[in-house]
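S.K.: Before I ask anything, let me first share the structure, which is written out below as structure tokens.
The values are calculated or read from the model by the stated rules, or taken from the named source; none is laboratory data. It should be emphasised that the depicted structure is a prediction, and the values quoted were computed from it without experimental measurement. As a convention, Cβ positions derive from the backbone with ideal geometry for all residues, glycine included, and neighbour counts pool all protein chains shown. Keep in mind that these areas ignore ligands, DNA and RNA; they rest on the heavy atoms of the full protein, side chains included. Shrake-Rupley method; radii C 1.70, N 1.55, O 1.52, S 1.80 Å.
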Amino acid sequence: MFPIEEYHQASNVADAIQALSKDATARILAGGTDVLVRLHGGNSDYGRVVDINDLDELREIRMDEKGNITIGALACCSDIIENELVQKHLPMVAESLATIGGPQVRNCATMGGNICNGAVSADSACAALVYEFDLVVEGVGGQRIESINGFHTGPGRTILKQGDILTSFLVRPENYTGFSACYRKYAMRGAMDIATIGCGVALQMAGEKITTMKLAFTVAAPTPIRCRNAEQVMVGEVFSEENLEIMADELEKDVAPRTSWRASKEFRLHIIKTLAKKEIRRAVKSQGVAQ
Ligand SMILES: Cc1cc2nc3c(=O)[nH]c(=O)nc-3n(C[C@H](O)[C@H](O)[C@H](O)COP(=O)(O)OP(=O)(O)OC[C@H]3O[C@@H](n4cnc5c(N)ncnc54)[C@H](O)[C@@H]3O)c2cc1C
């Protein structure tokens with residue numbers, strides 16, 4: 001069984017915030033696929049939990065009259081993947097969540113937990129970066145909106161403070177309308193494996209010219225990142241293989257891969273460049289532009 005020292009079942013968001021603020025070591029329990037696994041692995045830091053699974057209002061996925069899409073922080077990956085709004089407007093969110101673990105994990109794991117866990121390999125992080133997610137956070141000071149840019153502060157770390165709870169993700173229409181977006185995860189196994197490198201691209205085109213491009217990576221630096229230097233090479237230019245090669249060289253200014261047991265930094269850099277070129281080509285193709 002799980003060595004849980006202190007367990008509180010939150011009855012609403014305010015109650016969760018109060019329980020978290022009262023106990024500096026308490027952790028939010030959402031799908032539990034990180035928290036319970038660490039606890040089971042003997043990590044006692046996770047022994048005092050505030051369970052938010054009764055807060056069904058945090059599972060909602062909806063669009064308002066202005067086209068803003070809200071994805072509840074407690075919505076599980078499977079529900080998000082199967083959601084019609086997501087499939088229609090944010091297909092890359094579904095594509096990236098479908099690479100997480102296996103079906104059982106996706107039936108429990110939440111995108112909220114995937115982002116708030118602060119993992120540099122989080123498969124939903126590239127989608128959050130290229131669709132420019134806003135994060136709706138409730139805390140002792142009330143509600144605030146945080147940008148995904150700068151949300152991750154280091155491996156396993158985010159800007160969230162004790163007592164903070166992410167309630168939902170907000171995606172504004174200007175950040176998804178007319179975009180082609182795609183995600184590719186390079187991992188040693190085809191499933192049930194953590195990313196060696198994850199790459200996400202979103203772009204808009206006018207004729208053969210790329211008018212907007214957002215390029216993001218996981219495991220290419222101490223946090224998930226946007227690659228602004230590489231993006232600049234492609235924006236405003238007609239798509240070409242020559243420009244892709246220049247972009248790939250420019251990427252070296254954006255990334256700082258490291259060597260780990262999964263891969264050397266040289267191999268990671270090679271994968272980073274290769275995936276960036278592949279995913280940009282794929283996004284350009286789905287804009288209907290011949291290559
Ligand atoms: C077998 C297995 C395979 C996996 N494969 C992958 C994979 O391929 N890719 C991948 O990215 N991950 C993978 N994971 C990790 C994990 O499934 C994901 O990170 C998942 O999305 C975490 O969500 P959760 O709801 O289970 O989070 P939990 O375990 O409940 O919480 C994770 C962390 O986030 C915090 N948290 C959760 N919700 C909130 C909130 N609303 N507000 C503030 N803080 C919050 C918790 O306090 C905790 O620190 C795998 C895990 C397992 C067990």
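S.K.: Could you give the length gained on full extension between T25 and D64, defined as 0.36 nm per residue of separation minus the Cα-Cα distance, in nm?
M.R.: 10.4 nm is the gain from fully extending T25 to D64.
S.K.: What percent does the relative contact order of the range 1-158 come to when contacts are Cα pairs within less than 8 Å and at least six residues apart?
M.R.: Details: 252 pairs, mean separation 29.8, N = 158.
Relative contact order comes out at 19 percent.
S.K.: Now, a different point. Name the most mobile residue of K253, K273, K214, meaning the one with the largest mean-square fluctuation, in a Gaussian network model of the chain with Cα contacts below 10 Å.
M.R.: Most flexible of the set in this elastic network: K253.
S.K.: As an exercise, identify the chymotrypsin sites (Phe, Trp or Tyr not before Pro) in the range 228-282 lying in DSSP coil whose Cβ has no more than 12 other Cβ atoms within 10 Å.
M.R.: W261
S.K.: Turning to a different aspect of this structure: How many Å² of accessible area per residue for the chain, probe 1.4 Å?
M.R.: Computed with neighbouring chains in place, this is 45 Å² per residue.
S.K.: Over the range 180-286, what is the relative contact order in whole percent, taking alpha-carbon pairs under 8 Å and six or more residues apart?
M.R.: Values: 193 pairs, mean separation 29.7, N = 107.
Averaging sequence separation for qualifying contacts and normalising by length gives 28 percent for the range 180-286.
S.K.: Take every DSSP beta bridge whose two residues both sit in the chain, then give the antiparallel share in percent to the nearest 5.
M.R.: 85
S.K.: For the chain, what is the charge dipole size about the Cα centre, in debye to the nearest 20, if Lys and Arg each add +1 at the Cβ and Asp and Glu each add -1 at the Cβ?
M.R.: 800
S.K.: Quickly rank 9-16, 133-140 as a protection proxy: mean count of other C-beta atoms within 10 Å, highest first.
M.R.: Averaged packing, sorted descending, gives the order 133-140, 9-16.
S.K.: If you don't mind, there's one more thing I want to ask. From the residues S44, L74, A10, which one has its Cα farthest along the dipole of the range 1-79 in the positive direction, the dipole being from +1 and -1 charges on Cβ of Lys/Arg and Asp/Glu about the Cα centre?
M.R.: S44
S.K.: With the cut-off at 30 Å, tell me which of the pairs K161/K273; K185/K209; K66/K209; K161/K277; K22/K185 have Cα atoms farther apart than that.
M.R.: Numbers: K161/K273 35 Å; K185/K209 27 Å; K66/K209 28 Å; K161/K277 38 Å; K22/K185 39 Å.
In this structure, K161/K273; K161/K277; K22/K185 exceed 30 Å between Cα atoms.
S.K.: Under the 0.36 nm per residue contour assumption, what length would be gained going from the current alpha-carbon distance of S264 and E174 to full extension?
M.R.: On the way: separation 90, 0.36 × 90 = 32.40 nm, distance 3.79 nm.
The S264-E174 span can extend by a further 28.6 nm.
S.K.: Just the number, please: carbon plus sulfur as a percent of the accessible area of the range 50-201, 1.4 Å probe, no ligands or DNA/RNA counted.
M.R.: Working: 2980 of 6010 Å².
With neighbouring chains kept in place, the figure for the range 50-201 is 50 percent.
S.K.: Where Lys and Arg each count +1 and Asp and Glu each count -1, what net charge lies around E132 among other residues with Cβ under 15 Å from its Cβ?
M.R.: 0
S.K.: Before rounding to the nearest 500, sum -39500 (n - 2.57) across all DSSP H runs of length at least 4 in the chain and divide by the residue total; then give [θ] at 222 nm in deg cm²/dmol.
M.R.: -8500 deg cm²/dmol
S.K.: Relative contact order for the chain using alpha-carbon pairs under 8 Å, separation at least 6, rounded to a whole percent?
M.R.: The value is 15 percent.
S.K.: Let me ask you something else. Got a sec? What order do Y7, Y176 fall in by accessible area at 1.4 Å, biggest, i.e. largest, first?
M.R.: Ranked list, largest accessible area first: Y7, Y176.
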